[in-house]
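Below: one structure, written as structure tokens.
The values are calculated or read from the model by the stated rules, or taken from the named source; none is laboratory data. The structure presented is a predicted model; accordingly, all values stated were derived computationally and were not measured. Cβ placement follows ideal geometry from the backbone for every residue including glycine, while neighbour counts extend to all protein chains displayed. Protein only, heavy atoms only, side chains kept; ligands, DNA and RNA dropped before computing areas. Shrake-Rupley method; radii C 1.70, N 1.55, O 1.52, S 1.80 Å.
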Amino acid sequence: MKKKFKLLSNLLSIFYPRLCISCGNILQENEQHLCLNCLLHLPETNYHKTGDNPLNDIFRGRAKVENTLAFLSFRKGNAVQHILHQLKYKGNKEIGAYIGERYGKKLAQTHIFSDVDYILPIPLHPKKLKIRGYNQSEWIAKGLSAGLGIPCNTEILVRNTFTETQTKKSRFSRWENVKDVFEIRDKEALKGKHVIVCDDVLTTGATTEAAVQKILEIEGTRVSVVTLATAQ
């Protein structure tokens, strides 16, 4: 049976080859989503390895965040843009889990998040979730969960208001657009807990900050932020 399946898979790959989402080259049998060359040359921030992390300044004076980390640096036209485009607009949710798990395994080696209780993905409003069919941040969080060995909870943090796209808004307008859109369904579950808020890309941090502020209203909570990419 395995031989037949492999033969069928090989035949399909002739007519429908799997391509690297960054460079477009044909993927080898042991490669997923990205070829080895593109994978090895991803622009990693490596902020988890250094005390000089500029992302820790994003929420300073606005929200008490324990650690703010992003795996990759986003630049227009680079591999990270291709990854995010596939993840958000091409239905390739698996790339989120794949990259998330890779980052989770790297973070697990540092013990930065050894006391974290939950990973909470930034939720989509049900209307937007229906349109897209999945929450890209949830798939990243699932990958982080697998890599870090920390449970991912998609039920506690919810979005109760549908908002306009943030893409062309100023920093203040982004904050005004999202400041009251989140709620916590089970406050008791978060009391005294350290949680990671997970999103796809960190720009101004307005959406993430709104979620963080809501979580910090609960007694004894501590919050860290992890994203797949940063545009800083």
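Numbers below:
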{"item": "Those residues of the range 75-89 which are surrounded by 12 or more Cβ atoms within 10 Å (Cβ to Cβ) and part of a loop (DSSP other than H, G, I, E, B), in sequence order", "result": "Arg75, Asn78"}
{"item": "Cβ-Cβ under 7 Å pairs, at least 6 apart or on other chains, the range 188-206 side among the basic types (Lys, Arg), far side open to solvent by 10 Å² or more (accessible area, probe 1.4 Å) and part of a strand (DSSP E or B)", "result": "Lys193/Tyr118"}
{"item": "Every residue from the range 33-74 that is without any contact (Cβ under 8 Å) to a residue 60 or more places away in the chain and open to solvent by 60 Å² or more (accessible area, probe 1.4 Å)", "result": "Leu36, Asn37, Leu40, His41, Thr50, Gly51, Asp52, Asp57, Arg60, Gly61"}
{"item": "Looking only at the range 162-178, and only at residues there that are open to solvent by 60 Å² or more (accessible area, probe 1.4 Å) and of a type in the set (Val, Ile, Thr), the one that is modelled with the lowest pLDDT", "result": "Thr167"}
{"item": "Members of the range 12-69 that are of a type in the set (A, V, I, L, M) and either part of a loop (DSSP other than H, G, I, E, B) or under 30 Å from Thr221 (Cβ atoms) (or both)", "result": "Ile21, Leu27, Leu42, Leu55, Ile58, Ala63, Val65, Leu69"}
{"item": "Residue under evaluation Ile140, criteria (1) closer than 24 Å to Asn53 by Cα; (2) modelled with pLDDT under 95, criterion not met", "result": "(2)"}
{"item": "Residues within the range 90-103 that are open to solvent by 10 Å² or more (accessible area, probe 1.4 Å), in contact (Cβ under 8 Å) with a residue 60 or more places away in the chain and either closer than 21 Å to Thr50 by Cβ or within 13 Å of the chain's Cα centre (by Cα) (or both), tallied", "result": "2"}
{"item": "Residues of the range 179-232 that turn out to be aliphatic (A, V, I, L, M), part of a loop (DSSP other than H, G, I, E, B) and open to solvent by less than 10 Å² (accessible area, probe 1.4 Å), as a count", "result": "1"}
{"item": "Among residues of the range 140-166, those that are in contact with a strand residue (DSSP E or B) (Cβ under 8 Å, 6 or more places away or on another chain) and assigned to a helix (DSSP H, G or I), counted", "result": "6"}
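Yes/no per residue for (1) modelled with pLDDT under 95; (2) under 24 Å from Gly133 (Cβ atoms); (3) not aliphatic (A, V, I, L, M):
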| position | (1), (2), (3) |
| --- | --- |
| Asn37 | no, no, yes |
| Asp52 | yes, no, yes |
| Asn56 | yes, no, yes |
| Gly61 | yes, no, yes |
| Glu66 | no, no, yes |
| Arg75 | yes, no, yes |
| Val80 | no, yes, no |
| Ile83 | no, yes, no |
| Gly91 | yes, yes, yes |
